[in-house]
Amino acid sequence: MVSVEDVVRLRQARDRMDREYAEPLDIAALAATALMSPGHFQRSFRAEYGETPYAYLMTRRVERAKALLRRGDLSVTEVCMAVGCTSLGSFSSRFTELVGETPSAYRARSHEESAVIPPCVLRTYTRPKRRRPT
């Protein structure tokens, strides 16, 4: 069980990931934000949020990448770098895993159906969901 004090510190690390998703963030830096050892941070984060810190960060990055790809004015490589990923292959693999289609296919298709949805609802609608193997 995660203590209330740990939850507050975990939230600070999670907020940092939300703000600085495009920066190079590693477990040691995030653990320092939460005032925890890296191992304790990873275990506590997973217990509290149901996913690893890395998975959470990549979900945020893919979420931001989807918004940039919908605009259509950046290449997939430019979007990859803009969201803080350094490997196009890893970015594409994770994007495809979470979204169900490649970044190029996502960028190429029409997104007009989402144009009339209010932004606060759109974030929920377009949030990447982890696909479980069937």
ask   = Counting pairs of Cα atoms in the range 37-89, how many percent are more than 14 Å apart?
value = 58
note = Shape descriptor, the range 1-111: equivalent ellipsoid semi-axes (Cα gyration tensor, sqrt 5λ, whole Å, largest first) stand at 30, 13, 11
Unit Cα scatterers, Debye sum, the range 4-50: log10 I(q)/I(0) for q = 0.16, 0.26, 0.30 Å⁻¹ = -0.35, -0.93, -1.19
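Bear in mind these aren't lab numbers, they're just calculated from the coordinates by the rules spelled out. Just so it is clear, the model here is predicted, and its values are computed rather than measured.
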